[in-house]
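Scroll down for the structure; my scribbles are underneath it.
The values are calculated or read from the model by the stated rules, or taken from the named source; none is laboratory data. From a predicted model like this one, the values you see are computed outputs, not experimental measurements. Don't worry about glycine lacking a Cβ; one is built from the backbone with ideal geometry, like all the others, and counts go over all protein chains shown. Surface accessibility is based on the protein's heavy atoms, side chains included, excluding ligands, DNA and RNA. Shrake-Rupley method; radii C 1.70, N 1.55, O 1.52, S 1.80 Å.
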Amino acid sequence: MVLQRSASAEHNKPNMMHEELLHLLCPNVCIVCRKGLVSGETYCCSSCMAEFDSFSTPSASEEMLRHTIASRFGGKFNFEKGWCHYLFHKGSTLQQALHSMKYEGLFNLAGNFGRQLGEWMLAGSDTLDIDCIVPVPLHSLKKIERSYNQSQKIAEGIAKVLRKPVRSDLLMRKRNTRSQTGLSAGSRKKNVDGAFQALAGIASDHLLLVDDVVTTGATMAAAAAALRNGGAARISIAAVALAAKE
Ligand SMILES: [Zn+2]
């Protein structure tokens, strides 16, 4: 059975609850195609995962991330290193999997994406001198609504591989912003500008800032600016996916 999914996921609660319930009742089916999972598969079957558009190498992902962010921010947002595992296309199996992760409470799936991302980071570098991992925070009201922060779970997955601490206490979202989905690049920047606040006097030298998807980089830029204000010297960024320009 393939269920219809709405592009405006946030306004589709009854269907989401139906899907969440379906997953609870049938945990052994693929969250994308609903076929039965076999041994070794969790949440997503291997044929759906094979459709995910992975970057060829970590450095290829960094290059595209730099290009995407430079095209929006010029030299105003400089980051130390950057990683993303997949290229995100609208309507793809990856979009369906990430949608389930974000809105259907499948936090173990977020952890799996995080572990994959951590391994991807290690594959591209022998020396990762990151001090700690900082997830992009949700506003407390949104966290109550969604029950968990997907970036936190992704960060925890990365932490298991890199063996570095997750420091969610370093950054908070002081303003409850609307979803970036459907906003133009300019509106995305305006929506998150000044939305974050970091703890003063951050002692860590090199932070890894983590989010689920980078589209224009506006959220990462606003969060990084707050961390710099708090005293962070170097900031690297990692996301499960980078949105393809379509
Ligand atoms: Zn599948």
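Here is how the numbers come out for the structure above:
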quantity	calculated
Region 85-91 - phi-based ³J(HN,Hα) in whole Hz, Karplus 6.51/-1.76/1.60, Gly and Pro as x	8, 10, 9, 9, 10, 4, x
Region 166-182 - phi-based ³J(HN,Hα) in whole Hz, Karplus 6.51/-1.76/1.60, Gly and Pro as x	8, 10, 6, 6, 6, 9, 10, 9, 8, 10, 7, 7, 6, 4, 6, 4, x
Cα→Cβ-extended label distance, 7 Å offset, between SER71 and SER46, nm	3.5
Between helix 93-103 and the chain: long-axis angle, C-alpha atoms, 0 to 90°, nearest 10	80
Qualifying GluC sites (Glu not before Pro) in region 52-84, DSSP loop, other Cβ atoms within 10 Å at most 15	GLU80
Per residue accessible area of region 52-243, 1.4 Å probe, in Å²	42
Extension gain (nm, one decimal) between LYS174 and LEU128, 0.36 nm per residue minus Cα-Cα	13.5 nm
Extreme residue, positive dipole direction of the chain, given options ASN149, SER179, ILE130 (C-beta unit charges)	SER179
Antiparallel %, DSSP beta bridges [both residues in region 52-243], to 5	20
Cα→Cβ-extended label distance, 7 Å offset, between LYS143 and ASN229, nm	1.9
Full-stretch length increase - ALA60, ASN78 - with 0.36 nm per residue and alpha-carbon distance subtracted	4.7 nm
Taking N as its residue count, the alpha carbon Rg of the chain over 2.2 N^0.38 Å	0.97
Two-site FRET efficiency, ALA185 against SER39, from Cβ-Cβ distance with R₀ of 30 Å, rounded to 0.05	0.10
Long-range HN-HN contacts of VAL29 with modeled amide H, under 5 Å	LEU37
Within a Gaussian network of the chain (alpha carbon springs, distance under 10 Å), most fluctuating of THR93, THR219, THR42	THR42
Alpha carbon convex hull of region 122-196, projected area averaged over orientations, nm²	6.4
Gyration tensor (Cα) of region 147-245, equivalent ellipsoid semi-axes in angstrom	21, 17, 12
Paramagnetic label zone (point 7 Å from Cα along Cα-to-C-beta, LYS90; backbone N under 20 Å) in region 220-246	241-246
Spin-label model distance (nm) - GLU246 vs GLN197, 7 Å beyond Cα toward Cβ	3.8
